[in-house]
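*Asks:* The structure's right below; bear with me while I get my questions together.
The values are calculated or read from the model by the stated rules, or taken from the named source; none is laboratory data. In this text, all values refer to a predicted model and were calculated from it rather than measured experimentally. Neighbour counts are summed over all protein chains in view; Cβ atoms, including those assigned to glycine, are modelled from backbone coordinates with ideal geometry.
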Amino acid sequence: MALKGWHEILIGGMITDVGNSIDYKTGDWRSYRPIWDDKKCNNCKVCWVYCPDGSIVVKDGVMIGMDLDHCKGCGICAQECPQKAIKMVEETKVREAVK
Amino acid sequence: MTTMKVAKYKGIPKGLEGDRAVAEAMRQMNPDVVAAYPITPQTEIVMRFSDFVANGEVDTEFIAVESEHAAMSSCIGAAAAGGRVQTATSGAGMALMWEVLWVATGSRLPIVMHAVNRSLSSPLNIHCDHSDTMGMRDAGWVHIFDENVQEAYDNAIQMVRIAEHPDVMLPALHALDGFIIGHSVERLETLPDEAVKEFIGTYTPKYSLLDFEHPATFGPMDLPDYFFEHKRQQAEAIQNALDVIVKVGKEYGELSGRPYGLMEEYRMDDADYVLVALGSTAGTSKVAVDMMRDSGVKAGLLKIRCFRPFPHKMVSEVLGKRKVVGVLDRSISFGAQTGPLCLEVITSFFTHGCYPKVVNYVYGLGGRDITPAQICEMYKELVEIDKKGITGPIQRFFGVRD
């Protein structure tokens, strides 16, 4: 989302486009990334219930992964997962692994 | 306050204390919501307005809150809901509001506050000085001082129009000296109810919480990527108020015969020795100016009506070429070189390239009397400074015992 100048925005920080939090990417706040093991996952969706940011992506009733644009890395999903299918890994390590 | 011969409405002469005059203005304005907590010397505003509510003379929802923090918070909620909202406070009450005073400005809600100036503890004192409203001078409120009961009434009404102007949309306060104006009976002329109604008109906010067709979020979190831009807007809005205050003051003049500007000059045409004052002391100083003129001293007075935004350009234009200027502060900015008003005046001079001799008189703290004879002493000191230059400190504590 391109940042706007002070002439272009509503006064007082007012928000009129309801639901615009989807445009605000909070994924870069994250220092730990949830790594999901789909082999251990039994699709109970406890993570989906607990995630405070709605970042567990479910399609046609099936858990398919995390929305990393918005996941802040709080680790609640990993804590609550009965199957221990989610692991929190330091972002720097994940990024190094990707390199 | 000046007077014009032609006015649309004939005034109704009355004898009222400043607090009652403000309450009367509030009755005529009939705000949607008033949330306030009583505190000396503002109590009589709330007390009298409560009568109006109880007697059904206004439609206002009066919220008797448990503290001033709650008073301002309620005002913020009600203003965000789209209402016309007012409150009143003094001294410690204003201090308790401090956190939310900034929420009101940052959320751009045109709340009107009737502030009855009182010192801040400790030592405990209920009497007048300007420590309370000066303490919130950077919170972003439009900040106007009243000279007498008539001005307390007139300014109370004008505040609504200034605050709600689309170029401003900021909360606004007018300050009346506790007891000196607040509890003193003076003759004033009020407007007929219909004139006040006509002047303030109706308020239709562009956005409000109760407009379900156009939902809006007020006061959300703002991170480093946008907070600064919103503050920049605020800085622009309060500067816009300079023009709006003049326009509203002129329009009020056409209605009442009493036009208002950003400041008032008294016997300034050829004045060499000028005092700058706020509030009721401006009235007292006019008497002193007459006394000095009678004894052949070219004395003059500049009354600052509008303290925030500060009319720095006009101040430098009016004062820049005078021989000696004395600035009266009824509060201390502890650790600063002068009081808050004098800091503004000196800054105006420096930034506009004029350099008259300036001294600062701190006076009247905690309700200490200030008399015309004492103000004459100040004028005599300005004459001495003209002859000998400034000796001693810039800031002088006037009327304190050694």
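*Asks:* Go over the candidates B:Gly366, B:Gly353, B:Gly326 one by one and state the one that is in a strand (DSSP E or B), farther than 21 Å from B:Thr2 by Cβ, small (Gly, Ala, Ser) and not assigned by TED's automatic domain parsing to the domain that holds B:Leu170.
*Replies:* On the way: B:Gly366 fails: in a strand (DSSP E or B); B:Gly353 fails: in a strand (DSSP E or B).
Every option except B:Gly326 fails the conditions.
Here is a yes/no grid of residues against (1) without any contact (Cβ under 8 Å) to a residue 24 or more places away in the chain; (2) among the charged types (D, E, K, R):
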residue	(1), (2)
B:Ala235	yes, no
B:Ile238	no, no
B:Lys250	yes, yes
B:Leu255	no, no
B:Tyr266	no, no
B:Ala288	no, no
B:Arg293	no, yes
B:Ala299	no, no
B:Arg305	no, yes
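*Asks:* Would you check which residues across segment B:143-173 are of a type in the set (S, T, N, Q), closer than 19 Å to B:Ala282 by Cα and either assigned by TED's automatic domain parsing to the domain that holds B:Arg305 or under 13 Å from the mean Cα position of the chain (by Cα) (or both) and list them? Explain how you work it out, then say what you get.
*Replies:* The initial filter retains those residues of segment B:143-173 that are of a type in the set (S, T, N, Q), namely B:148, B:150, B:155, B:158.
Okay, now just the ones that are also closer than 19 Å to B:Ala282 by Cα, so B:148, B:150, B:155.
B:Asn148, B:Asn155 - these are the residues of segment B:143-173 that are of a type in the set (S, T, N, Q), closer than 19 Å to B:Ala282 by Cα and either assigned by TED's automatic domain parsing to the domain that holds B:Arg305 or under 13 Å from the mean Cα position of the chain (by Cα) (or both).
*Asks:* Could I ask something else about it? Read through the list (1) touching a helix residue (DSSP H, G or I) at 6+ places or on another chain (Cβ under 8 Å); (2) assigned to a loop (DSSP other than H, G, I, E, B); (3) basic (Lys, Arg), then give the number of the only condition that B:Lys206 fails.
*Replies:* (1)
*Asks:* Condition first: within 12 Å of another protein chain (Cβ to nearest Cβ), small (Gly, Ala, Ser) and under 26 Å from B:Ala25 (Cα atoms). Now tell me which residues in segment B:197-236 satisfy that.
*Replies:* As a first pass, look at segment B:197-236 and keep what is within 12 Å of another protein chain (Cβ to nearest Cβ): B:205-209, B:211-236.
Cutting the leftovers down to small (Gly, Ala, Ser) gives us B:208, B:216, B:219, B:235.
Within segment B:197-236, just B:Ser208 meets the criteria.
*Asks:* Output the number of the condition that B:Leu101 fails; it satisfies all remaining conditions of (1) more than 16 Å from the chain's Cα centre (by Cα); (2) hydrophobic (A, V, I, L, M, F, W, C); (3) within 19 Å of B:Pro31 (Cβ to Cβ).
*Replies:* All conditions are met except number (1).
*Asks:* Using the structure shown, decide if B:Thr338 is buried (at least 16 other Cβ atoms within 10 Å of the Cβ), polar (S, T, N, Q), over 28 Å from B:Met159 (Cα atoms) and touching a residue at least 40 places away in the same chain (Cβ under 8 Å). Talk me through it step by step, then tell me what you get.
*Replies:* Details: buried (at least 16 other Cβ atoms within 10 Å of the Cβ): yes; polar (S, T, N, Q): yes; over 28 Å from B:Met159 (Cα atoms): yes; touching a residue at least 40 places away in the same chain (Cβ under 8 Å): yes.
So B:Thr338 passes the test.
*Asks:* For segment B:243-308, which strands (runs of 3 or more DSSP E) that fit wholly inside it have 1 or more residues that are in contact with a strand residue (DSSP E or B) (Cβ under 9 Å, 6 or more places away or on another chain) and either within 21 Å of B:Leu188 (Cα to Cα) or charged (D, E, K, R) (or both)?
*Replies:* Answer list for segment B:243-308: B:263-266, B:299-304, B:306-308.
*Asks:* With respect to B:Asp129, is the statement that it is surrounded by fewer than 17 Cβ atoms within 10 Å (Cβ to Cβ) and within 17 Å of B:Leu173 (Cα to Cα) true?
*Replies:* No.
*Asks:* Return only the number of the condition from (1) under 21 Å from B:Asn240 (Cα atoms); (2) part of a loop (DSSP other than H, G, I, E, B); (3) in contact (Cβ under 8 Å) with a residue 60 or more places away in the chain that B:Pro166 does not satisfy.
*Replies:* Checking B:Pro166 against (1) under 21 Å from B:Asn240 (Cα atoms); (2) part of a loop (DSSP other than H, G, I, E, B); (3) in contact (Cβ under 8 Å) with a residue 60 or more places away in the chain, the one that fails is (3).
*Asks:* Of all strands (runs of 3 or more DSSP E) completely enclosed by segment A:1-88, which ones contain at least 1 residues that are polar (S, T, N, Q), at positive phi and under 11 Å from the mean Cα position of the chain (by Cα)? Please lay out each step first, then the result.
*Replies:* Numbers: elements: A:32-36, A:56-59, A:62-66.
Correct list: empty, since no element meets the threshold.
*Asks:* Also: Answer yes if at least one residue in segment B:318-325 is aliphatic (A, V, I, L, M) and in contact with a Gly (Cβ under 9 Å, 6 or more places away or on another chain), and no otherwise. Give the derivation first.
*Replies:* Applying the first criterion (aliphatic (A, V, I, L, M)) to segment B:318-325 yields B:318-319, B:324-325.
Next, only the ones that are in contact with a Gly (Cβ under 9 Å, 6 or more places away or on another chain) stay: none.
Within segment B:318-325 (the criterion being aliphatic (A, V, I, L, M) and in contact with a Gly (Cβ under 9 Å, 6 or more places away or on another chain)), the answer is no, since none of the residues qualifies.
*Asks:* Here's something else I'd like to know. Which of the residues that make up segment B:275-314 are over 27 Å from B:Leu173 (Cα atoms) and touching a Leu at 6+ places or on another chain (Cβ under 7 Å)?
*Replies:* The answer is B:Val289, and nothing else.
*Asks:* Keeping to segment A:12-32, report how many residues are within 11 Å of chain B (Cβ to nearest Cβ) and farther than 19 Å from B:Leu223 by Cβ.
*Replies:* Number of matching residues: 1.
*Asks:* Looking only at residues that are among the polar types (S, T, N, Q) and surrounded by 24 or more Cβ atoms within 10 Å (Cβ to Cβ) in segment B:106-126, which one is farthest from the other protein chains (Cβ to nearest Cβ)? Give the derivation first.
*Replies:* Residues of segment B:106-126 among the polar types (S, T, N, Q): B:107, B:117, B:119, B:121-122, B:125.
Narrowing further to those that are surrounded by 24 or more Cβ atoms within 10 Å (Cβ to Cβ): B:117, B:119.
On the way: B:Asn117: 28, B:Ser119: 33 Å.
In this case the residue turns out to be B:Ser119.
*Asks:* Also, I was wondering about something else. Conditions first: (1) among the charged types (D, E, K, R); (2) over 17 Å from B:Gly18 (Cβ atoms); (3) touching a residue at least 40 places away in the same chain (Cβ under 8 Å). B:Glu213 passes all but one, so which condition is the exception?
*Replies:* It is condition (3) that B:Glu213 fails.
*Asks:* Looking at segment B:1-65, what strands (runs of 3 or more DSSP E) fall wholly within it and have at least 1 residues that are among the small types (Gly, Ala, Ser) and closer than 19 Å to B:Leu173 by Cβ? Let's see the steps before the verdict.
*Replies:* On the way: elements: B:12-17, B:33-36, B:61-64.
In segment B:1-65, B:33-36 are the strands (runs of 3 or more DSSP E) which contain 1 or more residues that are among the small types (Gly, Ala, Ser) and closer than 19 Å to B:Leu173 by Cβ.
*Asks:* Could you pull out the residue among A:Ile9, A:Ile35 that is modelled with pLDDT of 95 or more and at the interface with another protein chain (Cβ under 10 Å from one of its Cβ atoms)?
*Replies:* Every option except A:Ile9 fails the conditions.
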